[in-house]
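Read the figures in this text as sums done on the coordinates, not as results from a lab. Please read all numbers here as calculations on a predicted model, not as lab measurements. Cβ atoms come from the backbone with ideal geometry, glycine included; neighbour counts cover every protein chain shown.
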């Protein structure tokens, strides 16, 4: 048995904390799951059509995909994708869109920077997500959404 390092949180050392957040430990089939997200998202785009793509910020990554409902003043679900803050693209998280659109709601998935691209801090990413939601609210009427009925959901780190 190896020697424990200094405690960094409760009775855990850094190696134990790192292991607790290592997705490979908890989901060794993660590559297959992520590939399924992409495949299922392709199927949704084939059925619903390509999303509308809008910039919500100044950098190239600050854009979002909108899968529009077929009615005006529809509620809006903003879905924050997962990816361990390191990876993930809006286009690969279209798979829930069909459920929302068929129920009469708009489905929005913003892209945002990966943590390693913004100096290791989650704060720039949180700010990008905030700007995306603010853009949706400001522009809801533009795409037939109701700015008073915006709901935020997410997956994993999203």
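Among DSSP beta bridges whose residues both lie in the stretch 8-154, state the antiparallel percentage, nearest 5.
Percent antiparallel among DSSP bridges in the stretch 8-154 is about 50.
With 10 angstrom as the radius, rank 91, 4 by how many other C-beta atoms surround their C-beta, starting from the fewest.
In increasing order of surrounding Cβ atoms, one gets 4, 91.
Give the Rg (one decimal place) followed by the Dmax (whole number) of the stretch 58-158, computed from C-alpha coordinates and expressed in Å.
Every Cα atom of the stretch 58-158 included, Rg and Dmax give 13.2, 42 Å.
Taking R0 as 25 Å, what FRET efficiency do you get between residue 9 and residue 35 from their Cβ-Cβ distance, rounded to the nearest 0.05?
After rounding, the FRET efficiency stands at 0.15.
Before rounding to the nearest 500, sum -39500 (n - 2.57) across all DSSP H runs of length at least 4 in the chain and divide by the residue total; then give [θ] at 222 nm in deg cm²/dmol.
Helix contribution divided over all residues of the chain: -10000 deg cm²/dmol.
How would you classify the stretch 1-53 from its alpha-carbon gyration tensor, with a ≥ b ≥ c the square roots of the eigenvalues: rounded for a/c under 1.5, else prolate if a/b is greater than b/c, otherwise oblate?
Prolate, because a/c is 1.5 or more and a/b exceeds b/c.
For a test of the definition: using alpha carbon positions, the gyration tensor, and the 1.5 limit on a/c, classify the stretch 82-139 as rounded, prolate or oblate.
Since a/c reaches 1.5 but b/c is at least a/b, the shape of the stretch 82-139 is classed as oblate.
Nearest 10 degrees is fine. How inclined is helix 30-48 to the longest principal axis of the chain, computing both from alpha carbons?
Helix 30-48 sits at roughly 0 degrees to that axis.
For Cα pairs less than 8 Å apart in space and 6+ apart in sequence, what is the mean separation divided by the residue count of the chain, i.e. the relative contact order in percent?
Across the chain, relative contact order equals 26 percent.
Give me the distance between the Cα centres of the stretch 117-158 and the stretch 62-93, rounded to whole Å.
9
What is the packing order of peptides 41-52, 124-135, 73-84, 21-32, taking the mean over residues of other C-beta atoms within 10 Å and listing the highest first?
73-84, 124-135, 41-52, 21-32
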